[in-house]
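Worksheet: one structure, shown below.
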Amino acid sequence: MEILDPDTGLPVLVRALHVLAGVAWIGLLYYFNLVQVPAFAGFGDEGKARNIAIDKVARRALWWFRWAAVATLVLGLLIIGVTENYMEGFMSEESAYGLGHNGAIFVGMLLGITMAANVWMVIWKNQRVVLANAVNVLGGGEADPNAAGAGRRALLASRQNFIFSFSMLWFMVGAAHLYPGAFDADSSGKAWTFVIISVVIGGILQLNALGKLGGTAATNKLLWPYESHKNALITGGVLFVVLYVLSEILLKA
Ligand code: HEM
C-alpha cells in the first residue's frame, strides 16, 4: 500500500516527528545530567536560590522532558504500526527487514522503553516531591525530610538513562542505516542471543540504579556509575562498546 511505503508514505512523517520528539527528550536529559545537576549542586542544599531555580527552571524543563518522552515513545511505536510489513517474520530468518535490523531495533526499543518508564515512574514521581518541597520552603514552610531521598532516587534513574542513551541511539539509528545488509545475522539464534545478553546487562544496570542490588546510599560501592556525570559517561561508553562488540559478533553474517 502506497501510504504505508517506508520510503515515501506516512512512515516518513512519523519517523521525522519521532526523531524531533526524541531529540527534545534526550537533549533535556543531557541538559539535566551535564548542566543542571552540577550547577544546582553549587547552590548548596538549603539555599533560597536553589529552590527558586528548582521552581522556575527545573519545573519547566521537567514538563518538556516528560511529555517529549511520551511523544517519542508513542511516535516510535506508531512507526511500527504505519510501516508496511514491519513485524513480518520479526526476529526470524523470514524477517521482512532482516535479522540485523530486527536485533538492533529490538535492543534500541527496549532501552528506549525502559528509559521512558524511568522518566515517569522514577524521575517524575520523585521530582514532584522535590518541586513541592521547593515551593513550600520558599513560602516559609518546613522542609520535607523526604525531599533529599526523592532527589537522590531521581538522580540515579536520570544518570542510568544517560548511560543507556548512547547505546539506545546507536541501535535506534543503526537499525535502518547500519545493520541491514552489511551486518545481517545469519541465524535467528544469533540475533536472539544478542537481544537476551543485552537485556541481562541492561536489566542488571537498571536494578542497580533502582537500589535493588544494595540500596541507594552514597556509600554503596555498586553505585559508582551514578556518583558523578563523569562516572556515568564512562559507564555509558563501556556499555556501548560491549553492546557494539556483541552486535559485531552476533548480528553479522
Ligand atoms: C522510547 C522508545 C522508542 C521507541 C519504541 C522507538 C521506536 C523506533 C522505531 C520503531 C524506529 C524505526 C527503526 C527502523 O526500522 O528503521 C525508530 C527510529 C529512530 N528513532 Fe526511535 N524509538 C524510541 C526512542 C527514541 C529516542 C529517545 C530517540 C532519540 C532521538 C529516537 C530516535 C530515533 C531515530 C534517529 C531513528 C531513525 C530514524 C530514521 O532512520 O529514519 N528514538 N525508533
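Brief remarks follow.
- Net dipole in debye of the chain [+1 Lys, Arg Cβ; -1 Asp, Glu Cβ; about Cα centre; nearest 20]: 1240 debye
- Label-point separation in nm, Asp5 to Ala96, each point 7 Å along Cα→Cβ: 1.5 nm
- Estimated FRET transfer efficiency (Val70, Ser228; beta-carbon r; R0 35 Å; 0.05): 0.75
- Per-selection Kirkwood Rh - region 1-62 (Cα, Å, 1 d.p.): 14.2 Å
- Of Gly98, Ala132, Leu75, farthest towards positive along the dipole that unit charges on Lys, Arg, Asp, Glu beta carbons give region 1-158: Ala132
- Stretched out straight at 0.36 nm per residue, the stretch from Val57 to Asn146 would grow longer than its current Cα-Cα span by 29.9 nm.
- Positive dipole terminus of region 105-253, leading residue within Ala117, Ser158, Leu210 (C-beta point charges): Leu210
- Treating each Cα of region 14-151 as one equal point scatterer and applying the Debye formula with no solvent, the log10 of I(q)/I(0) at q = 0.14, 0.17 Å⁻¹ comes out as -0.72, -0.92.
- Relative contact order (percent, whole number), region 1-94, Cα cutoff 8 Å, 6+ residue spacing: 47 percent
- The mean of 1/r over all distinct Cα pairs in region 160-253, once inverted, gives the Kirkwood hydrodynamic radius of 14.3 Å.
- Relative contact order %, region 74-200, counting alpha carbon pairs below 8 Å whose residues are six or more apart: 40 percent
- Leu138 versus Ile196: modelled label distance in nm, points set 7 Å from Cα along the beta carbon direction: 5.2 nm
- Projection of the Cα convex hull of region 119-177, averaged over all directions and equal to a quarter of that hull's surface, yields 4.7 nm².
- Top positive-direction residue, dipole computed over the chain with Cβ charges, set Pro6, Val37, Ala232: Val37
- Summary value for the chain: 22 percent relative contact order, contacts being C-alpha pairs under 8 angstrom separated by 6+ residues.
- Only the Cβ atoms of Lys and Arg (+1) and of Asp and Glu (-1) were treated as charged; on that basis the dipole of region 146-253 about its Cα centre amounts to roughly 460 debye.
- Centroid-to-centroid separation of region 195-232 and region 98-152 [C-alpha atoms, Å]: 15 Å
- Segment Ala39..Leu77, full-extension length gain: 10.2 nm, with 0.36 nm per residue of separation and the alpha-carbon distance subtracted.
- Net charge of neighbours whose Cβ lies under 15 Å from the Cβ of Trp120, counting Lys and Arg as +1 and Asp and Glu as -1: +4
- Under 14 Å from a label point set 7 Å out along the Cα-to-Cβ vector of Asn220, the amide N atoms of region 133-149 belong to 149.
- Going from the fewest other Cβ atoms within 10 Å to the most, the residues Lys125, Lys230 appear in the order Lys230, Lys125.
- Size of the chain as Cα extents on the principal axes (Å, biggest first): 64, 41, 23
- Each Lys and Arg adds +1 at its Cβ and each Asp and Glu adds -1 at its Cβ; summed about the Cα centre, region 1-54 shows a dipole of about 320 debye.
- Distance between modelled label sites at Val12 and Val238, nm, 7 Å Cα→Cβ extension: 4.4 nm
Just so you know, all these numbers are worked out from the coordinates, no wet-lab data involved. Here the structure is a predicted model, which is why all the values come from computation and not from measurement. Note that we place each Cβ from the backbone using ideal geometry, even for glycine, and neighbour counts take in every protein chain shown.
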